[in-house]
Amino acid sequence: NFPERPDNHFERVVGTVVHLALEELSLRNTLPDDLEEFDRERWRCALRREGLVGETLEEGMELVLESAQKTLREKQGRWVLSGGHRDARSEWALSLVDAEGRQRDIIIDRTFIDEASGVRWIVDYKTSRPAPDEDMAAFIAREEQHYREQLERYRDALREVGREPLRCALFFTALGELHHMPDLDCPARQD
């Protein structure tokens, strides 16, 4: 995990509740076309529990709803959340021992085996978006660089769990965009 900066409480809270929202949606038998009022109220309560009030609460709520709605409206988002995948898990907590013999705890946002290809996807949710003057290519390159080690750790952990080929991706919730990182792909395990 990355060290927390004391000045990003709002972003962390919004990210936490977006993860909660996507986990809850992924557990449904059928994905809704739109959000229900009980979803909105539950997520508002989650933001309050994390310390948001007043205008900050409303701003946070707007961002959570934007991410959840964008994910539900985009084909890639619906595919990531689909309950039709084999061995699908959301917010999967695992413990592993690293090369130095230290125990590490990880939480994988979303993983599943795509029925059509037999590939296990490892998806890390990101609520970030390009800066106002940043083009998409620069934004993606920055995010890839920042989260590469984290995805490598997830990939290496799941390499020990199954034999299927692995693919890693970042899913930008506010954009409804799945970004596959092909240089992190692993073929099926042969041993």
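For the reader, a short list of remarks on this structure follows.
- Here ARG48 passes the criteria (1) more than 30 Å from GLU115 (Cβ to Cβ); (2) at pLDDT below 95 except the one numbered (2).
- Flag for ALA169 being open to solvent by less than 30 Å² (accessible area, probe 1.4 Å), at pLDDT below 95 and touching a Leu at 6+ places or on another chain (Cβ under 9 Å): no
- Residue pairs meeting the criteria (Cβ under 8 Å; at least 6 apart or on separate chains; first in contact (Cβ under 8 Å) with a residue 60 or more places away in the chain, in segment 69-88; second open to solvent by 60 Å² or more (accessible area, probe 1.4 Å) and of a type in the set (Asp, Glu)): GLU74/GLU177; GLN76/GLU177
Rundown of residues vs (1) out of contact with any Asp or Glu (no Cβ under 8 Å at 6 or more places or on another chain); (2) farther than 21 Å from PHE172 by Cα; (3) open to solvent by less than 20 Å² (accessible area, probe 1.4 Å); (4) β-branched (Val, Ile, Thr), yes/no style:
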{"position": "ASP33", "(1), (2), (3), (4)": "yes, no, no, no"}
{"position": "PHE38", "(1), (2), (3), (4)": "yes, yes, no, no"}
{"position": "CYS45", "(1), (2), (3), (4)": "yes, yes, no, no"}
{"position": "GLY51", "(1), (2), (3), (4)": "yes, yes, no, no"}
{"position": "LEU57", "(1), (2), (3), (4)": "yes, yes, yes, no"}
{"position": "MET61", "(1), (2), (3), (4)": "yes, no, yes, no"}
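- Segment 135-160, subset loosely packed, with under 13 Cβ neighbours inside 10 Å and within 25 Å of GLN190 (Cα to Cα), residue modelled with the highest pLDDT: GLU149
- In segment 107-117, the condition of being within 19 Å of ARG12 (Cα to Cα), out of contact with any Asp or Glu (no Cβ under 8 Å at 6 or more places or on another chain) and either of a type in the set (A, V, I, L, M) or modelled with pLDDT under 95 (or both) is met by no residue.
- In the set (1) assigned to a loop (DSSP other than H, G, I, E, B); (2) in contact (Cβ under 8 Å) with a residue 24 or more places away in the chain; (3) surrounded by fewer than 19 Cβ atoms within 10 Å (Cβ to Cβ), LEU175 fails one condition alone, (3).
- Flag if ASP191 is in a helix (DSSP H, G or I) and within 22 Å of GLY118 (Cβ to Cβ): no
- Residue within segment 69-82 that is at pLDDT 95 or above, more than 23 Å from ASN29 (Cβ to Cβ) and among the hydroxyl-bearing types (Ser, Thr, Tyr) present: no
- Unmet requirement for ILE108, which otherwise passes all of (1) hydrophobic (A, V, I, L, M, F, W, C); (2) free of Cβ contacts under 8 Å to residues at least 12 places away in the same chain; (3) open to solvent by less than 20 Å² (accessible area, probe 1.4 Å): (2)
The values are calculated or read from the model by the stated rules, or taken from the named source; none is laboratory data. What you are looking at is a predicted structure, and each value in this text was computed from that prediction instead of being measured. A quick note on method: Cβ atoms are made from the backbone with ideal geometry, for glycine too, and the neighbour counts reach across all protein chains shown. SASA here: full protein model, heavy atoms, side chains in, ligands and nucleic acids out. Shrake-Rupley method; radii C 1.70, N 1.55, O 1.52, S 1.80 Å.
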